[in-house]
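Since the structure comes first, as structure tokens, the remarks are kept for the end.
The values are calculated or read from the model by the stated rules, or taken from the named source; none is laboratory data. In this text, all values refer to a predicted model and were calculated from it rather than measured experimentally. Neighbour counts are summed over all protein chains in view; Cβ atoms, including those assigned to glycine, are modelled from backbone coordinates with ideal geometry.
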Amino acid sequence: MHLLTKKGIDALQPAETEFWVWDSKLSGFGVRVHPTGRKVFVAQYRSQTGRTRRMALGQVGKITLDEARTLAQRVFSDVAKGLDPSANRKQGRTAPTVAELCARYLAEHAQAKKKPASQVRDRRLIERFIIPQLGGEKVNTLSRADVAKLHNAIGRETPIQANRTLAVVSKMMTLAIRWGLRDEAKGNPAQFIERFREAKRERYLSADELAQLGQALAAAENEGWGFRPAIDAIRFLLLTGARVGEALSLRWEWIDRERACIFLPDSKTGRKALPIGGAVLAMLDGLAKQAGNPHVFPGQSLGRPLVDINTTWRKVRARAGLEGVRLHDLRHSYASVGAASGLSLTLIGAILGHSEPSTTARYSHLANNPLAQAADMVSAKIAAALAAPVAEKVVALRRKE
């Protein structure tokens with residue numbers, strides 16, 4: 001055993017079998033010489049379980065002797081703290097990546113505990129943002145700086161999507177700790193990252209805009225450039241103020257004509273009865289039931305519901321000259337028509353499901369409930385507005401002097 005020096009290491013010659021030369025100054029620090037002549041700095045120690053570990057620090061020539069000695073001192077410091085650096089390195093190499101965590105998150109969490117619309121949103125955020133930027137990173141070494149960089153990159157264009165993406169990453173990291181894929185001591189790297197400020201959007205359609213939308217829907221039907229179940233679903237959203245997910249999952253057996261309501265066994269706010277007016281019942285009466293499909297708005301796959309109306313909505317919206325109007329704005333418009341008609345905010349909130357009284361009691365008494373009358377009035381007004389002609393704009397001409 002001798003004090004390792006650069007000159008002494010360079011003078012070492014390979015043998016038929018590998019051998020080690022140990023440093024007399026730092027116990028456990030040495031050089032491994034392979035038969036090929038390759039030389040590697042190593043740190044040897046005994047783990048808490050009594051096993052002897054030899055950990056490669058770097059190849060001679062690629063790191064200096066002083067750098068190797070510093071690395072060895074760090075290894076021995078970790079060992080003194082009860083850690084096993086060699087085992088941790090091996091675990092890091094085989095640790096799951098963020099992409100693998102995303103797959104498990106979707107399969108074991110999102111599909112089991114989230115509503116279909118939320119599953120679609122999470123999958124879209126994962127495929128569009130998370131995997132391209134963080135997919136190759138190891139779950140156990142993902143840093144707050146990595147997550148903040150992703151959040152800021154998205155936020156420059158779409159701050160709301162940036163915040164939603166951050167929420168998904170945060171949930172995945174919490175589950176990773178719970179599943180034993182990330183050291184609890186390292187914490188959640190998505191924590192303490194400041195969210196972007198979100199400006200609430202409130203867009204309401206005027207009577208003229210409803211008329212324009214009605215003409216665009218009629219054109220889509222008559223000219224055949226819109227998917228018919230999607231067109232029907234858009235009309236339903238307008239006439240009921242329902243959420244998109246509530247409409248797309250709607251089944252025929254949930255419709256109670258006698259009580260003028262739709263019983264939803266599950267929604268964003270849980271089980272509820274959605275009051276509907278005569279205009280809605282008339283619209284539903286005009287829809288053709290698809291054999292073997294229980295859904296009011298059938299999809300293209302046999303027996304499955306409609307899953308996307310955005311393609312048709314974008315075409316209808318463009319035809320109506322309502323660029324920027326979202327499907328959720330139809331729900332706002334329903335509420336605005338009710339408010340303009342003198343309905344109280346409490347009553348409007350009850351129709352839309354903003355409050356959470358007993359669903360069973362509300363369903364049982366809807367025959368004599370003012371909610372049904374209010375819903376009937378609002379849907380009738382919207383139906384009339386959709387059928388109204390679009391007012392022509394008059395442009396005043398300047399008089400020649």
One residue from E198, E184, E194 being of a type outside the set (G, A, S) and under 30 Å from A340 (Cα atoms): E198
Test: residue in the range 304-311 that is modelled with pLDDT of 90 or more, in contact with a Lys or Arg (Cβ under 8 Å, 6 or more places away or on another chain) and in a loop (DSSP other than H, G, I, E, B): no
Which numbered condition S301 fails, given (1) in a helix (DSSP H, G or I); (2) closer than 23 Å to R121 by Cβ; (3) of a type in the set (S, T, N, Q): (1)
Of all residues making up the range 27-68, the number that are within 14 Å of I9 (Cβ to Cβ) and free of Cβ contacts under 8 Å to residues at least 60 places away in the same chain: 23
Matching residues, the range 214-244, being assigned to a helix (DSSP H, G or I), within 13 Å of R314 (Cβ to Cβ) and more than 30 Å from the chain's Cα centre (by Cα): A216, A220
All positions within the range 274-284 that are surrounded by fewer than 23 Cβ atoms within 10 Å (Cβ to Cβ) and within 33 Å of the chain's Cα centre (by Cα): L284
Every pair of residues 6+ apart whose Cβ atoms lie under 9 Å, when the first sits in the range 308-325 and is on the phi > 0 side of the Ramachandran plot while the second is assigned to a helix (DSSP H, G or I) and of a type outside the set (K, R): G321/E209; G321/Q212; G321/A216
Residue match in the range 259-273 (condition: in contact (Cβ under 8 Å) with a residue 12 or more places away in the chain, assigned to a strand (DSSP E or B) and over 31 Å from the mean Cα position of the chain (by Cα)): yes
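What residue, among those in the range 124-137 that are surrounded by fewer than 16 Cβ atoms within 10 Å (Cβ to Cβ) and part of a helix (DSSP H, G or I), is farthest from the chain's Cα centre (by Cα)?
P132
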From the options G82, G61, G50, G30, residue that is at pLDDT 95 or above, within 52 Å of the chain's Cα centre (by Cα) and not assigned by TED's automatic domain parsing to the domain that holds N140: G30
Among (1) in contact with a helix residue (DSSP H, G or I) (Cβ under 7 Å, 6 or more places away or on another chain); (2) modelled with pLDDT under 95; (3) in a helix (DSSP H, G or I), the one test that R93 misses: (1)
V316 being under 20 Å from A220 (Cα atoms) and either in a loop (DSSP other than H, G, I, E, B) or touching a strand residue (DSSP E or B) at 6+ places or on another chain (Cβ under 7 Å) (or both): no
Which listed residue is in contact with a Phe, Trp or Tyr (Cβ under 9 Å, 6 or more places away or on another chain) and closer than 30 Å to E392 by Cα, from A219, A153, A211, A176: A219
Residue that is farthest from D266 (Cα to Cα), among those in the range 206-256 that are aromatic (F, W, Y) and surrounded by fewer than 16 Cβ atoms within 10 Å (Cβ to Cβ): W225
Among (1) modelled with pLDDT of 90 or more; (2) in a helix (DSSP H, G or I); (3) more than 25 Å from the chain's Cα centre (by Cα); (4) of a type outside the set (G, A, S) - the single one L322 does not satisfy: (2)
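Taking the conditions exactly as written (closer than 24 Å to M377 by Cβ and of a type in the set (A, V, I, L, M)), does A220 satisfy them or not?
No: the conditions fail for A220.
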Any hit, the range 69-82, residues being over 30 Å from I9 (Cβ atoms) and free of Cβ contacts under 8 Å to residues at least 40 places away in the same chain: yes
Residue check, T360 at pLDDT below 75 and either loosely packed, with under 14 Cβ neighbours inside 10 Å or outside the structural domain of R259 (by TED's automatic domain parsing) (or both): yes
Looking only at the range 138-186, and only at residues there that are at pLDDT below 95, in a loop (DSSP other than H, G, I, E, B) and not aliphatic (A, V, I, L, M), the one that is nearest to T97 (Cα to Cα): R182
L250 being within 24 Å of K381 (Cβ to Cβ), in contact with a strand residue (DSSP E or B) (Cβ under 6 Å, 6 or more places away or on another chain) and not acidic (D, E): no
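Which members of the range 285-298 meet the condition of being touching a residue at least 40 places away in the same chain (Cβ under 8 Å) and not in a loop (DSSP other than H, G, I, E, B)?
So in the range 285-298, the residues touching a residue at least 40 places away in the same chain (Cβ under 8 Å) come out as 287, 294-298.
Across the range 285-298, the qualifying residues are H295, P298.
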